[in-house]
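First the structure, in the form of structure tokens, and then the observations on it.
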Amino acid sequence: MNLSSVIVLLGVAADGWLLAFLAIRGRRPWLQSTFAACALSFLVVGAWSAARNEGVLPAVREDLVLGLMLLTHALTAILVLGLIHGEALPRRRAMTFLLLVPVPLLAYLAPIEGWTVATAYEGTVLGGFLVLCLGIALGETIFARHASPMFATHAFWLSVGVIALIVAGPIYTYELEFLGRSPLAGANLAAPLALACFARVALQTDPFPIAPRRPKGRTTTGGIRGADAIVFDERRPKYALRTAEEEAGSDRPTLIVARDPPKVTTSGVASASFAPNRHAALRTVTTVSEFLASAPGGFVVLEDLADLSVLSGWRAAGEVAVRLRHVARDSGSTVILCPSRLTESERKTLQGLDLPWWPMADAATEIVAILAQSFGTGAGRLFDSFCRGHGIRREDVTTDHVQALQDFLSRALTELSGVVGGPAAHGLQVQFEAASSVLRSFAAQGAVEIARGKWPSRRSSETDVELVVTAADYWKGKEMEELFAAADAVSEREPLFEKARLVFVEQLGDAGEGVLRTQLAKIGKKPEEIDKTDLVRIADRATVDLGSLADVVDVPQEKKRIQQQIESIRQKLELIAEGQE
Amino acid sequence: MDGRLRALAIRSLFLFLLSLVLVAGFWYHREFYQIGFTNLLIIGGFVTFLVIWAARLAMTGELPRGRPSGELAFTLDEGDRLLKRVARSVVRPSEDLTAPSVGHVVRAKYETGTEFARLLIEDARRTFLSDLTDDDARQAGFRSAADLREAGTSRWSWRPADIVTILRVRALGGSR
């Protein structure tokens, strides 16, 4: 067996290994299929070439082998286009497959025109097509390297692969002909190197794992129907996540892409979390596009654009926004971008992209504004009492806390009933009901209504300008001071079980209450009996129990998520216990 | 073995293998190059140029991660904590931060301007200053989040609403 046959056979083995490797590791069926077809065609041509050189196989029809050789070149171009335009949806994918159309025609014409495998790269239509395929692949990689900050590194490896194919294909054939040697009859010695480069790029741009997977197919449209990328301008992504839950609730395919796994897995919402590497931006694009390709009309929230900026650089993160806009429009879907934690310059650049920009209200600010309409300037004090009582930070308050706030105010008024009577008590009750009504209507507003900008904080400032004395100011007297004192007392006496329950439910969802009751049963206490020392015990026991749960989880991201939940529960319970001292 | 010696050995080995490939290539194509001086000059010259270029990058430590971009300034204490691997992360205000993205190398300098290390950025994330945890602070070489905030407040006039970037870094050896 001569040296070239050995090298070709080694290459064939490498092709087979790469094919199997990507088939096992990849998460993009379309791309994997294209890669498999490309690798298989190289593999078959290589095996045939070696077998023919060694005289092992009987003669095979030349036009069949020529057809396979055409296939290797066309599929190389298709594969490279697929890797660069990975977010392309099926409609665009189909366009790249038009490159396959000339293949059977040229294979059919080969015997008529006298084209052979050995003379494939000569100046004929056949040679022109082969060079055109490699030229398209090389041209796209060069363009991507210069035009796309996000794809530049990957374009380098793609160009290495394509140049290797060109050197070992047409150029090497020319050299062998020049030296009067017989060419390798279709086999390309650089095929394993090229396939390795393509596989590297395919794996580095693979989508993040999405869990849970939902059945494919278009489903109902939700409240936000715009097929576009929309920026939800809020300090922390609260409305974005709430809207995702609402859209999932209306049976719309919904995905949240974030740095960390979600604290609570909401039913119907799929999630994907970033791997902390420089390819995070591109992988985010492929994740979203693959999701929307399987679920057109879906809803996606990109929660941590700022983290993409520090992982992959802002230019790449900005390109993510642009590409996701195209994906959203092509698939009739909605993509929400959260600019939380972007720097000023990054925000300006994002605004320069002319994406729909929806300003979102801050729940804490609006709640204080609503309370101020009824209770005057002491609203902040009331709100702080509520936050202290529930062990939550002001910035963590969402509209989900409105019901708890109403209960809290109601208890404060009940406390006051023994102290304040007559018209003052009646007035407070009226104010409470007015505040509750506005709070409820505010909490019921979705992102679309909030984006219109009619926020309580804006309305109250306008009202203050128009009226010299407001109703709130009228009541800002002794009764108010008593209400604030009562609220402080309520925050101190709020049942510890309720506070602990909120902490567990916040971190673990509805199952959290069950976990808390299990812990209570273990320490032999009833909900109404627990005191601050019990809270510390519960915090310790929950840390141990949930910690052992985290230990048996094999998925690193899930393990990290559970550990974060445990830590958060422990810290908040300790905070509540400290507040009782 | 000292880290720098090991890096030098690996780079030299890489360079040697590259040279072997180059010689093997010339030997394999010896008949092709016999056809004329011009071919040898152009192709051989180009390949040799690439080898010299790669060698330069390898010997200056710029392969495989490229040249360092950006720089971070440290106090003497901070720098020592990083070099002694007591600290593994760096917390900086996000505004005007000139650090590159993950996987790249950044120059670490003392505030006096002296470069003392090159740091590979292994991970990065942004967070509100108020969300910093004790664990974040310990990774950065501080006892608690409060200590870290206090240090940052005196240095950069931090406010709780500010955004900070946490970079997990690894020192790549001594100064060059």
*From the set of residues in segment A:311-342 that are under 15 Å from A:A240 (Cβ atoms) and part of a helix (DSSP H, G or I), which is nearest to the other protein chains (Cβ to nearest Cβ)?*
A:A321
*asked:* Residue under question is B:R170, and the condition is that it be farther than 19 Å from A:D307 by Cα, charged (D, E, K, R), out of contact with any strand residue (DSSP E or B) (no Cβ under 8 Å at 6 or more places or on another chain) and more than 9 Å from chain A (Cβ to nearest Cβ); does it hold?
replied: no
*Members of segment A:556-568 found to be more than 14 Å from chain B (Cβ to nearest Cβ) and touching a Leu at 6+ places or on another chain (Cβ under 8 Å), listed by number*: A:I562
*Name, by its number, the condition in (1) at pLDDT 85 or above; (2) more than 22 Å from A:V167 (Cα to Cα) that does not hold for A:R93.*
(1)
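Every residue, every condition in (1) part of a helix (DSSP H, G or I); (2) of a type in the set (K, R); (3) surrounded by fewer than 12 Cβ atoms within 10 Å (Cβ to Cβ), yes or no:
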{"residue": "A:F504", "(1), (2), (3)": "yes, no, no"}
{"residue": "A:V515", "(1), (2), (3)": "yes, no, no"}
{"residue": "A:R537", "(1), (2), (3)": "yes, yes, no"}
{"residue": "A:R541", "(1), (2), (3)": "yes, yes, no"}
{"residue": "A:S548", "(1), (2), (3)": "yes, no, yes"}
{"residue": "A:Q564", "(1), (2), (3)": "yes, no, no"}
{"residue": "A:I569", "(1), (2), (3)": "yes, no, no"}
{"residue": "A:L575", "(1), (2), (3)": "yes, no, no"}
*Inspect segment B:104-120 for any residue being at the interface with another protein chain (Cβ under 8 Å from one of its Cβ atoms), under 20 Å from the mean Cα position of the chain (by Cα) and not in a loop (DSSP other than H, G, I, E, B) and give the result as yes or no.*
no
*Regarding B:V90, is this residue modelled with pLDDT of 85 or more, β-branched (V, I, T) and more than 22 Å from A:T153 (Cα to Cα)?*
yes
*asked:* Condition first: part of a loop (DSSP other than H, G, I, E, B), closer than 19 Å to A:A451 by Cβ and touching a residue at least 60 places away in the same chain (Cβ under 8 Å). Can you find one or more residues in segment A:288-301 that meet it?
replied: no
_Need the failing condition index for A:A328 against (1) touching an Asp or Glu at 6+ places or on another chain (Cβ under 7 Å); (2) closer than 29 Å to A:L508 by Cβ; (3) among the hydrophobic types (A, V, I, L, M, F, W, C), just the number._
(2)
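Among the residues in segment A:8-26, are any more than 19 Å from A:A190 (Cα to Cα) and touching a residue at least 24 places away in the same chain (Cβ under 8 Å)?
Within segment A:8-26, one or more residues are more than 19 Å from A:A190 (Cα to Cα) and touching a residue at least 24 places away in the same chain (Cβ under 8 Å).
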_I want to confirm something. Restricting to segment B:95-116 and keeping residues that are without any contact (Cβ under 8 Å) to a residue 24 or more places away in the chain and out of contact with any Ser or Thr (no Cβ under 9 Å at 6 or more places or on another chain), which single residue is nearest to A:T153 (Cα to Cα)?_
B:G113
*Selected residue (criterion: farthest from A:A281 (Cα to Cα)) from residues of segment B:124-158 that are within 13 Å of chain A (Cβ to nearest Cβ) and either surrounded by fewer than 14 Cβ atoms within 10 Å (Cβ to Cβ) or polar (S, T, N, Q) (or both)*: B:S144
*asked:* Please go through segment A:21-42 and give me each residue that is touching a Gly at 6+ places or on another chain (Cβ under 6 Å) and among the aliphatic types (A, V, I, L, M), ordered by number.
replied: A:L31
*Which number in (1) surrounded by 22 or more Cβ atoms within 10 Å (Cβ to Cβ); (2) under 21 Å from the mean Cα position of the chain (by Cα) marks the one condition that A:I370 misses?*
(2)
*asked:* Checking B:R138 against (1) assigned to a helix (DSSP H, G or I); (2) over 23 Å from the mean Cα position of the chain (by Cα), only one condition comes out false. Which one?
replied: (2)
*Spans of helices (runs of 4 or more DSSP H) in segment A:130-216 with at least 2 residues buried (at least 21 other Cβ atoms within 10 Å of the Cβ)*: A:152-166, A:191-204
*For segment A:528-547, how many residues are of a type outside the set (S, T, N, Q) and within 39 Å of the chain's Cα centre (by Cα)?*
12
_For segment B:86-96, give me each residue that is buried (at least 18 other Cβ atoms within 10 Å of the Cβ) and within 9 Å of another protein chain (Cβ to nearest Cβ)._
B:S94
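Where residues in segment A:343-371 are small (G, A, S) and within 20 Å of A:G313 (Cα to Cα), which of them is farthest from the other protein chains (Cβ to nearest Cβ)?
In this case the residue turns out to be A:G352.
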_Of residues in segment B:66-80 being farther than 24 Å from A:R315 by Cβ and surrounded by 18 or more Cβ atoms within 10 Å (Cβ to Cβ), the one farthest from the other protein chains (Cβ to nearest Cβ)_ = B:G79
*Just name the residue that is surrounded by the fewest Cβ atoms within 10 Å (Cβ to Cβ) out of those in segment A:262-304 that are within 14 Å of another protein chain (Cβ to nearest Cβ) and more than 21 Å from A:H154 (Cβ to Cβ).*
A:K263
*Can you tell me which residues in segment A:44-65 are part of a helix (DSSP H, G or I) and surrounded by fewer than 24 Cβ atoms within 10 Å (Cβ to Cβ)?*
A:V44, A:A47, A:W48, A:A51, A:R52, A:N53, A:E54, A:E62, A:D63, A:L64, A:V65
*Inside segment A:329-360, can you point out the residues that are touching a helix residue (DSSP H, G or I) at 6+ places or on another chain (Cβ under 8 Å) and at pLDDT below 90?*
A:D330, A:S331
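The values are calculated or read from the model by the stated rules, or taken from the named source; none is laboratory data. Note that the coordinates shown come from a computational prediction; the quantities given were computed from them, not determined experimentally. Here the Cβ is made from the backbone with ideal geometry for all residues, glycine too, and neighbour counts use every protein chain on show.
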